[in-house]
């Protein structure tokens with residue numbers, strides 16, 4: 001058997017027969033781990049990377065973008081201030097874009113110095129525009145009278161007035177009922193604007209530039225806005241979802257027949273009329289009698305005796321004007337703090353309808369687009 005080169009192993013070191021002790025086996029140290037073996041290399045590498053980073057940072061040209069990455073000292077208050085400035089600038093840019101639509105320094109008002117005859121007191125249609133689906137205008141009728149030639153062709157003015165008016169109705173679906181925009185005039189201090197349902201059941205809005213513009217500028221935005229919202233109130237309460245325009249006879253109408261047709265039982269108009277009838281029956285009947293006379297003085301005297309029943313003197317004109325005036329005050333004034341008088345109840349009437357409350361907010365937002373100081377001033381109506 002071949003001899004083993006390894007040293008012999010002692011099986012019993014305490015054997016007394018051995019004259020001398022055997023040499024103990026050498027202690028073999030465990031091999032160092034990879035980490036310990038290369039520790040100095042790892043440390044050297046990290047230090048080298050740190051050194052390279054600072055060298056690059058030192059020699060790299062300054063760029064404002066490093067502020068965004070947090071590589072320079074940041075003053076967060078300044079940064080927030082800058083963000084506010086950027087936001088305000090964006091809002092101003094949007095406002096300026098809108099103002100460019102609503103302000104045109106090149107407008108000339110050709111109606112400012114015209115003289116009017118008695119025959120024209122009821123108003124004269126100068127131009128009729130069809131309203132396209134994209135809110136642009138398309139001429140449909142032109143008045144051929146030589147006296148109005150310049151105004152008939154005053155398209156910049158007409159578009160300005162339409163943009164101003166339609167902005168107040170923007171983002172409200174009922175605006176789509178309006179199919180025609182008509183430039184009409186009866187001279188200064190006459191009928192500023194009106195909304196009518198035509199014989200063909202088409203809603204048309206009329207505006208008189210002579211009562212809107214002076215030297216190419218809107219000279220009384222509060223009065224114009226109030227009037228436009230009032231006319232929109234007619235549209236809201238008398239459109240085809242509120243009134244059956246195909247009924248012309250009282251015996252066919254379940255409610256009270258009006259010139260636009262028969263209001264549905266659930267219509268705003270009918271419910272509002274029921275509210276008005278909750279006052280003294282004699283007062284309501286006397287009011288209707290005054291309306292039937294058509295005598296403006298008699299109607300005004302009735303108003304003077306019942307000022308708690310109407311939001312304005314004009315509201316006493318008839319029931320359609322009563323609900324339109326109440327709607328306008330619902331939109332443009334704060335909610336009444338009480339509900340004791342009939343005129344307050346008439347304004348509060350609209351708050352029971354969530355869709356009208358939402359419409360109110362949209363109209364108020366739109367008003368601020370055309371006049372951002374409107375609600376900071378007392379509402380004074382001529």
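Which count do you get for residues in segment 164-191 that are under 18 Å from the mean Cα position of the chain (by Cα) and surrounded by fewer than 18 Cβ atoms within 10 Å (Cβ to Cβ)?
We begin by selecting, within segment 164-191, every residue under 18 Å from the mean Cα position of the chain (by Cα); these are 164-176.
Checking the rest, the ones that are also surrounded by fewer than 18 Cβ atoms within 10 Å (Cβ to Cβ) come to 170-176.
Residues in segment 164-191 being under 18 Å from the mean Cα position of the chain (by Cα) and surrounded by fewer than 18 Cβ atoms within 10 Å (Cβ to Cβ): 7 in total.
For the subset of segment 228-252 comprising residues that are in contact (Cβ under 8 Å) with a residue 60 or more places away in the chain and part of a loop (DSSP other than H, G, I, E, B), which member is surrounded by the most Cβ atoms within 10 Å (Cβ to Cβ)? Working first, answer last.
Looking only at segment 228-252, we keep the residues that are in contact (Cβ under 8 Å) with a residue 60 or more places away in the chain, and these are 228-240.
Keeping just the survivors that are part of a loop (DSSP other than H, G, I, E, B) gives 239-240.
Values: 239: 17, 240: 14.
Top of the filtered list is 239.
Find the residue count for segment 215-239, including only residues that are over 18 Å from residue 273 (Cα atoms) and touching a helix residue (DSSP H, G or I) at 6+ places or on another chain (Cβ under 9 Å).
First pass over segment 215-239, keeping only residues over 18 Å from residue 273 (Cα atoms): 215-229, 231-232.
From the residues that got through so far, the ones that are touching a helix residue (DSSP H, G or I) at 6+ places or on another chain (Cβ under 9 Å) too are 216, 218-229, 231-232.
Number of matching residues: 15.
Can you pull out every residue in segment 280-295 that is assigned to a loop (DSSP other than H, G, I, E, B) and under 30 Å from residue 240 (Cβ atoms)? Walk me through how you get there before you give the answer.
If we filter segment 280-295 for residues that are assigned to a loop (DSSP other than H, G, I, E, B), which is where we start, we get 280, 294-295.
Of everything in segment 280-295, just one residue is assigned to a loop (DSSP other than H, G, I, E, B) and under 30 Å from residue 240 (Cβ atoms), namely 294.
Taking residue 205 and the conditions (1) in contact with a helix residue (DSSP H, G or I) (Cβ under 6 Å, 6 or more places away or on another chain); (2) crowded, with 18+ Cβ neighbours inside 10 Å; (3) at pLDDT 95 or above; (4) within 24 Å of residue 371 (Cβ to Cβ), which numbered condition does it fall short on, given that it satisfies the others?
Tallying (1) in contact with a helix residue (DSSP H, G or I) (Cβ under 6 Å, 6 or more places away or on another chain); (2) crowded, with 18+ Cβ neighbours inside 10 Å; (3) at pLDDT 95 or above; (4) within 24 Å of residue 371 (Cβ to Cβ), residue 205 fails exactly one: (1).
Could you tell me which numbered condition residue 255 fails, if it satisfies all but one of (1) farther than 26 Å from residue 206 by Cα; (2) in contact with a helix residue (DSSP H, G or I) (Cβ under 6 Å, 6 or more places away or on another chain); (3) assigned to a helix (DSSP H, G or I)?
Of everything listed in (1) farther than 26 Å from residue 206 by Cα; (2) in contact with a helix residue (DSSP H, G or I) (Cβ under 6 Å, 6 or more places away or on another chain); (3) assigned to a helix (DSSP H, G or I), residue 255 misses just condition (3).
In this structure, is residue 225 closer than 17 Å to residue 167 by Cβ and assigned to a strand (DSSP E or B)?
Details: closer than 17 Å to residue 167 by Cβ: yes; assigned to a strand (DSSP E or B): no.
Criteria not met by residue 225.
Checking residue 313 against (1) within 20 Å of residue 192 (Cβ to Cβ); (2) buried (at least 19 other Cβ atoms within 10 Å of the Cβ); (3) more than 20 Å from the chain's Cα centre (by Cα), which single condition isn't satisfied?
(2)
The values are calculated or read from the model by the stated rules, or taken from the named source; none is laboratory data. Treat the numbers as computed from the prediction; the structure is a model and nothing was measured. In this analysis, Cβ positions are derived from the backbone assuming ideal geometry, glycine residues included, and neighbour counts consider all displayed protein chains.
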